[in-house]
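Student: Take this structure first; my questions come after.
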Amino acid sequence: MVMKFLEVLRENPVIASVRKMRDLEYALKKKIRVIFLRHLDLIRGIARDQVGILPGIILPYIRTELDKLHLPPIVAGGLIKTRGDVDRILASGAVAVSTSRRELW
């Protein structure tokens, strides 16, 4: 999954970061492959392979809101500093955690 995602990013290095429905509709019409949704309401009804939550450290706090959206698998990344952070995020339902901290690999 990660390698395919990297291939997509190499082919499409600009990521649409949207927070309004009209911007999301525009990005989808342009067939943009990677979209960062900056508002939970935009996630509703969008079927994709995975959802990335940034910063990942917030996942335990917003999980109840996300449950209502019936999302595909969640990958959480960003501001994850300890093994406890990783454990809490995975316990909150993420299938994976992304981190640059070598001690957590």
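Student: What pairs can you find where one residue is in region 85-105 and surrounded by fewer than 15 Cβ atoms within 10 Å (Cβ to Cβ), the other is at pLDDT 95 or above and acidic (Asp, Glu), and their Cβ atoms are less than 9 Å apart, with a gap of 6+ or different chains?
Tutor: 104/85
Student: How many residues does region 51-67 contain that are farther than 20 Å from residue 84 by Cβ and out of contact with any Pro (no Cβ under 7 Å at 6 or more places or on another chain)? Break it down into steps so the answer makes sense when it comes.
Tutor: The initial filter retains those residues of region 51-67 that are farther than 20 Å from residue 84 by Cβ, namely 51-52, 64-67.
With out of contact with any Pro (no Cβ under 7 Å at 6 or more places or on another chain) added as a condition, the list becomes 52, 64-67.
Count: 5.
Student: Would you list the helices (runs of 4 or more DSSP H) that sit entirely within region 1-82 and hold 3 or more residues that are closer than 22 Å to residue 96 by Cα?
Tutor: Passing ranges, in order: 2-11, 59-67.
Student: Here is a further query. When residue 89 is evaluated against the numbered criteria (1) touching a Pro at 6+ places or on another chain (Cβ under 8 Å); (2) not in a helix (DSSP H, G or I), which criterion, by number, is the only one it fails?
Tutor: The number of the failed condition is (2).
The values are calculated or read from the model by the stated rules, or taken from the named source; none is laboratory data. Just so we're clear, the structure is a prediction, and the values are computed from it rather than from any experiment. Note that each Cβ is placed from the backbone with ideal geometry, even for glycine, and that neighbours are counted across all protein chains shown.
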